[in-house]
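Before any comments, here is the structure.
The values are calculated or read from the model by the stated rules, or taken from the named source; none is laboratory data. From a predicted model like this one, the values you see are computed outputs, not experimental measurements. Neighbour counts run over all protein chains shown; Cβ positions are idealised from the backbone, glycine included.
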Amino acid sequence: MGACAPGTGAALGPGAVPSPAQPASAAREPARPEPDLTVLVFPCSPCTRPRPPRTMKVKVISILEDNYMYLVIEESTKEAVAVDAAVPKRLLEIIRKEGVALKAILTTHHHWDHARGNEELAKLYPDLRVYGADERIGALTNKVAHNEVLKFGDINVRCLFTPCHTSGHTCYFMWEDNSPDAPALFSGDTLFVGGCGRFFEGTAEQMYKNLMDVLAALPKETKVFCGHEYAVRNLKFASKVEPENENVKKKLAWAKLRDDEDLPTVPSTLQEEFQYNPFLRVSEEAVQKFTGKTDPVDVLRALRTEKDNFKKPKERLNPQAMLAFEWGLFSPFLEKK
Ligand SMILES: [Zn+2]
């Protein structure tokens, strides 16, 4: 799956601050509305052996406030599969630029910021297949079941049913036959870098099963492409839970640098997540101590409640609000105090 240029093997690991030598292909798309985007290939390590020609690449497309949409391209056939196609206009620009044919959409869950582009794309491409596990997903053509395997050329996709954030949430595990590269997990709003999704339609028992049985069984080197850019906020919470965890500190410092440069923190790897993500560390003593619980499901439930109440970063006043303040327009309210 993808190829790597020499020297990029560890470019996406924790603490691996992007250097000026990092290829442009690993950079996030420029700030909107510029339509260009990230090209992300899967790096291997070590990166010395001869490699087969690259056949698959993942484009990381930053949309809306903090969502990720992905386009997986099989380069040998120029066919592509989108994951969570919420903004058709952006997707179409990229499809055109890459000269690829969109074959299918994989939707992780029905929330508008993941699925709202499906209908429009289905109208444009009458043969388009839309996969998902929830009837509420717009333009759904193929309802998938747990462990069902889909095939798109050389690309295999295993559907992993992970209900909790929504009752029909599904993650997609992708790999290529005969490829030495790491597989990829499109984890939607179930697993984030440093965190997990909210339990809107499910229970802590379900999320425990999703994380510790379903996703934990995947190969450790699996690259994790999640549905939102929440890394800094998640890792700040992780450092509250485990203040002594060096992996949390390192990943948070790295994520802040990425954030400063408007670069994505995806993909991480499953192995990394187990080192700093408190929701995957519910049997660790420090995490149990933080929650005051010992049963892993109780720990997970308590962590989620704590995270739900974890303070959001302070809202910065927008320029108009600041101007209004300077002009004294808020003074009548201030004087009332
Ligand atoms: Zn959601």
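Yes or no: the stretch 153-169 includes at least one residue that is surrounded by fewer than 16 Cβ atoms within 10 Å (Cβ to Cβ), of a type in the set (K, R) and farther than 18 Å from Y208 by Cα.
Taking every residue of the stretch 153-169 in turn, none turns out to be surrounded by fewer than 16 Cβ atoms within 10 Å (Cβ to Cβ), of a type in the set (K, R) and farther than 18 Å from Y208 by Cα.
Among the residues of the stretch 144-202, which ones are free of Cβ contacts under 8 Å to residues at least 60 places away in the same chain, within 16 Å of the ligand (Cβ to nearest atom) and part of a loop (DSSP other than H, G, I, E, B)?
Result: T162, P163, C164, H165, T166, S167, G168, G197, F200, E201, G202.
Here is a list: A104, A115, A82. Which entry is touching a Leu at 6+ places or on another chain (Cβ under 6 Å) and within 18 Å of L150 (Cβ to Cβ)?
Result of the check over A104, A115, A82: A82.
Inspect all residues belonging to the stretch 64-75 and state whether any of them is among the acidic types (D, E), within 14 Å of the ligand (Cβ to nearest atom), in contact (Cβ under 8 Å) with a residue 60 or more places away in the chain and over 24 Å from D181 (Cα atoms). Give the derivation first.
Within the stretch 64-75, the subset among the acidic types (D, E) is 65-66, 74-75.
From what is left, the residues that are within 14 Å of the ligand (Cβ to nearest atom) are 65-66.
Add one more test, that the residue is in contact (Cβ under 8 Å) with a residue 60 or more places away in the chain, and what stays is 66.
Still in the list and also over 24 Å from D181 (Cα atoms): 66.
Among the residues of the stretch 64-75, at least one is among the acidic types (D, E), within 14 Å of the ligand (Cβ to nearest atom), in contact (Cβ under 8 Å) with a residue 60 or more places away in the chain and over 24 Å from D181 (Cα atoms), which makes the answer yes.
Just need a number here: residues in the stretch 255-284 that are part of a helix (DSSP H, G or I) and in contact with a helix residue (DSSP H, G or I) (Cβ under 9 Å, 6 or more places away or on another chain).
So the answer is 13.
Go through the stretch 101-130 residue by residue and tally those that are within 16 Å of the ligand (Cβ to nearest atom), in a helix (DSSP H, G or I) and over 12 Å from A82 (Cβ atoms).
Going through the stretch 101-130 one residue at a time, the tally reaches 2.
Is it the case that R281 is modelled with pLDDT of 95 or more, within 16 Å of the ligand (Cβ to nearest atom), closer than 30 Å to V157 by Cβ and among the basic types (K, R)?
no
Specify which of the listed residues (V224, V287, V248, V266) is in contact (Cβ under 8 Å) with a residue 60 or more places away in the chain and among the aliphatic types (A, V, I, L, M).
On inspection, the qualifying residue turns out to be V266.
How about the stretch 243-258: which of its residues are more than 18 Å from the chain's Cα centre (by Cα), within 14 Å of G194 (Cα to Cα) and of a type in the set (D, E, K, R)?
Within the stretch 243-258, E246, K249, K250 meet the criteria.
Kindly provide the set of residues from the stretch 82-108 that are more than 16 Å from the chain's Cα centre (by Cα) and in contact (Cβ under 8 Å) with a residue 60 or more places away in the chain, ordered by number.
Matches in the stretch 82-108: K97 only.
If N210 satisfies every condition in (1) within 16 Å of the ligand (Cβ to nearest atom); (2) in contact with a Pro (Cβ under 6 Å, 6 or more places away or on another chain) but one, which is the exception?
(2)
Quick check on this structure: which one of L252, L235, L218 is outside any helix (DSSP H, G or I) and either away from the ligand (no atom under 15 Å from the Cβ) or touching a His at 6+ places or on another chain (Cβ under 6 Å) (or both)?
L218
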